[in-house]
Amino acid sequence: MLRHNFFKYINIMDYEPYVSHNRLRMTQTTGVPATKHDPIVSQLPVDIDQQQSIDLLYEIGDRVDIRQINRVYGDCIEIEYPVKSINSLDDIRLIESQFAAHNAVDDIDRELIDEAIKDVIPVYLEQEEETLPEDPILAARVSALIFGQTRELGSTKNLLKYFRDNPSSRQAYGLDINHGLSESTLSKARTQYGLNKPSVQNAIRRLKHALYRNGLLTETLSGAEYTVNQAIPLGESLPDDLRYRALVNYCDLLLAHLTEDISFNRAENAKYSIREIIAALAKWAVDGTFNKGERRAQLQFQDDLITYSRFRQVIRDNIAKGDFYQSKQRINRIGTKLCQNLIQFADEELDFFSTPLDLTFDPTWIPIDEGAEPEDVPGAMGTVKVEENGGFYISTGVSFTPMSRLSFGVDLLTEKSALPKSIWEMIALIEDVSEIGWVLADREFNGAEIIDLFRTAAEETWIIRLKNHRDIVEKEEYHELQKDGQAVISIDKSEVNAFWKEIDRDSQRHVLQEEDDEFMLISGMPMDKTTISQLAAKYPDRWSAETHIRQLKHDHSPEMAHLSGLEQTFILNIASAFYNIHKIISQSVSPNLGLPLQPKHYDVLTGIIESTFARRPQPHI
């Protein structure tokens, strides 16, 4: 981790306007600059300034880099030499490796390096509160021993050979081969001075690092500590201050795209902006995750700018008013636009959809209120009949392609027959930006209309799990399926390929079929090239849908009591936008820093709050 007292953090409130450059998928990127102030360079045979800056190289994996040049103004990790503690060199090892690559000198005179080492040995001993012996002969021999360790010559024998072969260096160190210089006298000097003392070894390490980071001895020093040009790994943390401001800035950028051309049917001069309404939901979602007092120490905005009652009034007065179906259509249009705006950003700026997108869909039961009858909840579903248990279904869709995970919105369903139309609208949204890879769905999608829809969207690469086959599959077809493990079956007069296997519940319980003793899938894959085992290996990816809705309900939504179905659907669509902001930030690098921020969901919610309510200059988007 980059940390401790030799770092100075500069606020990144002001940053250059966002401009899209070439969209490239890279494994490395330049990011935050590092500056070192290194007075020792004046005593080394190098032509560099004491104050020197480079753009650090970071590993970003599959994350998308959208701005490769001119990334930051004024934001920097600063290193002041000499570092106070020798342990600090561990913290900046990777940064020094990049300075070493930047400064590397191939054709410098070896004798100049040898003489420079002799001249700076006292400097680094002094940093560890050590000095050379007063006796000039002993001092010369100790300097030679330190030189040998610095150059990694190995044994005393190798050191003596080096000086025999390089008389100018031998003369610079004041050594006389013919008068008492031998392996035994050097060993005696080592013991007499205490060369192996930690303080002396620390001084030698400081010296080696100075030569290394300033481009000297880069080819001869060994080990990971002296390997040049090491990119900072993906898991390496940014300093908290820098990371937090970068997260706020990225949230600010994405919120600007999210709210483009969205009004929530409110007047332009309305008291609360669209961003404030959205950020209020983020605030309440965070309130439900953390102790309020602990989180307030980090945030700057004033509390209770928008109350629960005011928020609900905005929905009722502008969105969920009048006829139920008209209100439902308003919410559906808002949810679709929220998705489109962020999908457009992911497509045009991040190139998220350069490979086909794998999708999974799910209908989820939402109770209107625990323990309450539908008629006890005003406006729960308007005049529409609800399920007996007092609730409704929502349909959701999410992509699960690695590094291209996005939510495709939330739709309220008053009856299951509306499911095909809802899924068709989500697929249409996806087809605008991407080819479709796999489509996975559970047993609720076993009707002919949805099967035809999946066939149109994905041709062969779709899978649906069947359950309660007696209600779906003819008896004769089922027997053939059991016998051969695959068969063509009819579902609502539509012929599909079916695959079957028995599950031994005593020896191995399938992750998706714990309650059954068989596993049955239908798919567009040809039976002569496909086995149930192949499909069963792919099908568990459908759990992305379960994870997705759980995250919408528990991570990105506030807990609010006595909400109507329309209100819950509206909130879940905002939660879907939060989910997408989280995934975009997680799957790309910070536009202004160029580094992976790797936020948790509550980090993103906090960034949304801070970028909206904090009293700070708004960046130019």
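The values are calculated or read from the model by the stated rules, or taken from the named source; none is laboratory data. The shown structure was predicted, so the numbers you read here are calculated from the model rather than taken from an experiment. All Cβ positions, glycine included, derive from the backbone under ideal geometry; neighbour counts span all protein chains shown. Accessible surface areas use protein heavy atoms only, side chains included; no ligands, DNA or RNA. Shrake-Rupley method; radii C 1.70, N 1.55, O 1.52, S 1.80 Å.
Quick notes on this one:
- Residues that are open to solvent by less than 30 Å² (accessible area, probe 1.4 Å), modelled with pLDDT of 90 or more and assigned to a loop (DSSP other than H, G, I, E, B), drawn from segment 504-537: 524, 530
- Count of segment 143-176 residues which are assigned to a loop (DSSP other than H, G, I, E, B), touching a residue at least 24 places away in the same chain (Cβ under 8 Å) and within 54 Å of the chain's Cα centre (by Cα): 4
- Residue 229 in a loop (DSSP other than H, G, I, E, B), without any contact (Cβ under 8 Å) to a residue 40 or more places away in the chain and out of contact with any Asp or Glu (no Cβ under 9 Å at 6 or more places or on another chain): no
- Applying a threshold of 7 Å to beta carbon distances and a minimum spacing of six or more residues, or different chains, the list of pairs starting in segment 190-201 at a residue that is over 15 Å from residue 143 (Cβ atoms) and ending at one that is open to solvent by 30 Å² or more (accessible area, probe 1.4 Å) reads 199/128; 199/129; 199/130.
- Taking residues in segment 37-53 that are in contact (Cβ under 8 Å) with a residue 24 or more places away in the chain and open to solvent by less than 70 Å² (accessible area, probe 1.4 Å), and partners anywhere that are outside any loop (DSSP other than H, G, I, E, B) and among the aromatic types (Phe, Trp, Tyr), the pairs with Cβ atoms closer than 9 Å and at least 6 places apart or on different chains are 38/99; 40/124; 52/99.
- Test result for residue 140, small (Gly, Ala, Ser) and in contact with a Phe, Trp or Tyr (Cβ under 9 Å, 6 or more places away or on another chain): yes
Let's see how each residue does on (1) of a type in the set (Gly, Ala, Ser); (2) under 21 Å from residue 246 (Cβ atoms); (3) modelled with pLDDT of 80 or more:
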residue: 3; (1), (2), (3): no, yes, no
residue: 13; (1), (2), (3): no, yes, no
residue: 19; (1), (2), (3): no, yes, no
residue: 25; (1), (2), (3): no, yes, no
residue: 37; (1), (2), (3): no, no, yes
residue: 44; (1), (2), (3): no, no, yes
residue: 49; (1), (2), (3): no, no, yes
residue: 57; (1), (2), (3): no, yes, yes
residue: 61; (1), (2), (3): yes, yes, no
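- Condition check for residue 269 on (1) part of a loop (DSSP other than H, G, I, E, B); (2) open to solvent by less than 30 Å² (accessible area, probe 1.4 Å): one failure, at (2).
- Against the list (1) in contact with a helix residue (DSSP H, G or I) (Cβ under 8 Å, 6 or more places away or on another chain); (2) surrounded by fewer than 19 Cβ atoms within 10 Å (Cβ to Cβ); (3) not hydrophobic (A, V, I, L, M, F, W, C), the condition residue 259 fails is (2).
- Single residue of 551, 598 found to be surrounded by fewer than 23 Cβ atoms within 10 Å (Cβ to Cβ), at pLDDT 90 or above, closer than 30 Å to residue 253 by Cα and under 24 Å from the mean Cα position of the chain (by Cα): 551
- Residue 244 satisfies every condition listed in (1) open to solvent by 40 Å² or more (accessible area, probe 1.4 Å); (2) modelled with pLDDT under 95 except (1).
- As for segment 362-378, it holds at least one residue that is surrounded by 16 or more Cβ atoms within 10 Å (Cβ to Cβ), over 18 Å from residue 338 (Cβ atoms) and modelled with pLDDT of 90 or more.
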